[in-house]
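The values are calculated or read from the model by the stated rules, or taken from the named source; none is laboratory data. Everything quoted here is computed from the prediction, not taken from an experiment. Cβ: placed from backbone, ideal geometry, glycine included. Neighbour counts: every protein chain shown. To get the accessible areas, we keep the full protein, side chains included, count just its heavy atoms, and leave off ligands, DNA and RNA. Shrake-Rupley method; radii C 1.70, N 1.55, O 1.52, S 1.80 Å.
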Amino acid sequence: CIYFTKTTAIICLSSLLALLLSIVLVRMMGNSASGNFKSNVGSVDIELDFAIDPERGQDELRSSGYFFNEQGECRNIETNDRVGRFPSQQKYEEFGAALERYIFFLLRDQYKMIEKIINSTSQDTDSEDDAQPETKIDSKSNDDDDDENDQKQSDTTTDADHENTQSNSEKPENADNNQLKKKPEKNGKPPRKPRATRSKIDANKLAKARIYLSPNYGEKRTLLLLIPGSGAVRAGQWARSICINDNLAAGTMYPFIAEAYKRDWGVILFDPNGRTDHGRIYSDEHVMFVYERWVEKRWLSRPDCAIENVLIVCHSAGGMATTQLLNRKTKYLLPRIRGVAGTDTFFGRASSKQVQAVYRRYIVNWVTSSADVGTKLSDTVPKRVSAGHTAHEYTSAAAFKHIFSFFDAMLKMHKSGGDSKKKDVDSGGGGGGGDGNVNEVQKDLKKKKDEKDEQEKEKGNDKDENEENAAAEQTQCDAENDQNQQTDTAKPKDEMDVD
């Protein structure tokens, strides 16, 4: 009797949970702009830098009964109302796939970004000369139907790429770029085996993905890396639900790209949510592969590299991929890090004192909060401030303006020589980890800066000596007057505080 009662209770409880789950799924069906989400529509002051053409590139979207107007809002073709409830989750996913392709189209057409396709079998379709992007309209092929396009692009791979692939396959499994040196036996014991490196990416963990590069990004002084979170978002997106229910400005990376272009920065969009042939997602490996292939190998490792500053924006789960990148790539990357902006993300543990210094100096995490945007919330490392919004998916758009103010301030501080006192970032205080010595690269960057300063100094020597003396006397007089009138000194402001 007791057994029967327990069994009945378990069955009833399971049925109740199944009923509750079905109710939740029904409410989520189509991801309609109802309930709490509807209250957030239009809650962020952000807009596109261009007007959307309601016709161009939207044939596939219009076949579903919707289109995007000039403001980037998804509207019903017949009623001009916002998106309502889709007939089924399948219809919603189909529309989401069409939206994904439309976002890719605008990246190529509006921002002239170069598309690169990474495939788990062909490695990538990269060529040494970054040709201008194609501007195909309404490409209806999805990730499962792109084999033909992938094969066409893979034919553009250069002989140098094949040679690099072959030479890498001949290296020992645990070998890094540097040759392993044999150590003599100590106290009669055999030398310790070298620690396995993780710099070599497992090809089985590279999913089919699309990344986007801004034209001539390697020739810019500053490079911006944009890393989305997990889920149904691909390159160029922060949140698909916002794109559908609110607007493209808040849900995509378009405003971030536009602001970067205004400042003449290079931009790379990551696509860490592709699935491998086995259906698994390896975000960290994707981010590491793209960095190694299109940033470090091609540009940062070159002695004549033009890139001096690297900035990162990472949302949600993108923070962990950023952590792995900082921990593993210290030689060329860390000396160039000027700012890392997380949006309601989480960072892992720093593996060395060098990375800890980056956490303290350069990382700010804008998190969900009802406080005004930029309000300091804690003294944790990395620093946490308010994104000015209580919805997780809106944090990137809500903190957008403050993030670029933060980046501008950090770049200005570095340019004025503020980073010269941060020796702990360069030397790491003897900490281990990473893939090389930061000092070597930092010296090269400092040498370039010293040469520029020397040129400025030579130009300044041509000034009239009498004018300099007069200016010095006036300065001294002003300083004495200020000293007599001043009662106290202003406390220096924390360099990382965000207004």
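For segment 239-392, which whole percent of the accessible surface, found with a 1.4 angstrom probe, sits on carbon and sulfur atoms?
45 percent
Using protein chains only and a probe of 1.4 angstrom, how many square angstrom of Phe406 are accessible, to the nearest 10?
Answer for Phe406: close to 10 Å² accessible.
Given a Förster distance of 60 Å, report the FRET efficiency between Ala371 and Asp304 from their Cβ-Cβ distance, rounded to the nearest 0.05.
Efficiency at R0 = 60 Å is approximately 0.85.
Counting Lys and Arg as +1 and Asp and Glu as -1, what is the net charge of the other residues whose Cβ lies under 9 Å from the Cβ of Thr276?
Working: positive: Lys205, Lys208, Arg275, Arg280; negative: Asp277.
Overall, the nearby charge balance is +3.
Please report the equivalent ellipsoid semi-axes of segment 264-357, computed as sqrt(5 x eigenvalue) of the Cα gyration tensor, largest first, in whole Å.
Square roots of five times the eigenvalues give 21, 17, 13 Å.
Which shape class, rounded, prolate or oblate, goes with segment 78-121 when its Cα gyration tensor gives a ≥ b ≥ c as root eigenvalues, a/c under 1.5 marks rounded, and past that a/b bigger than b/c marks prolate?
Here segment 78-121 falls in the oblate category.
Not counting ligands, DNA or RNA, and with a 1.4 Å probe, what is Arg384's accessible surface area in Å² rounded to the nearest 10?
90 Å²
Between beta-carbons, use under 12 Å as the cut-off and find the net charge around Gly388, counting Lys and Arg +1, Asp and Glu -1. Intermediate results must be reported in sequence, preceding the final value.
Numbers: positive: Lys401; negative: Asp45, Asp344, Asp372.
Value of the local net charge: -2.
Tell me the accessible surface of Arg302 in square angstrom (1.4 angstrom probe, heavy atoms of protein chains only), to the nearest ten.
Surface accessible to solvent at Arg302 totals approximately 90 Å².
Which net charge results for the neighbourhood of Ser316, defined as the other residues with beta-carbon distances under 12 angstrom from its beta-carbon, given Lys and Arg at +1 and Asp and Glu at -1? List each step's numbers first, then the result.
Details: positive: none; negative: Asp344, Glu393.
Result for the neighbourhood of Ser316: -2.
Just reorder Ser39, Ser283, Ser396, Ser64 by solvent-accessible area, largest first, 1.4 Å probe, all chains present. Present the calculation step by step, with values, prior to reporting the outcome.
Details: Ser39 85, Ser283 35, Ser396 0, Ser64 60 Å².
Reading off the accessible areas and sorting them downward yields Ser39, Ser64, Ser283, Ser396.
Taking 8 Å as the Cα distance limit and 6 or more residues as the minimum spacing, I'd like the relative contact order of segment 283-359 as a percentage.
Relative CO of segment 283-359 lands at 34 percent.
In Å³ and rounded to a whole number, note down the convex hull volume per residue for the Cα atoms of segment 306-427.
It comes to 101 Å³ per residue, whole-number rounded.
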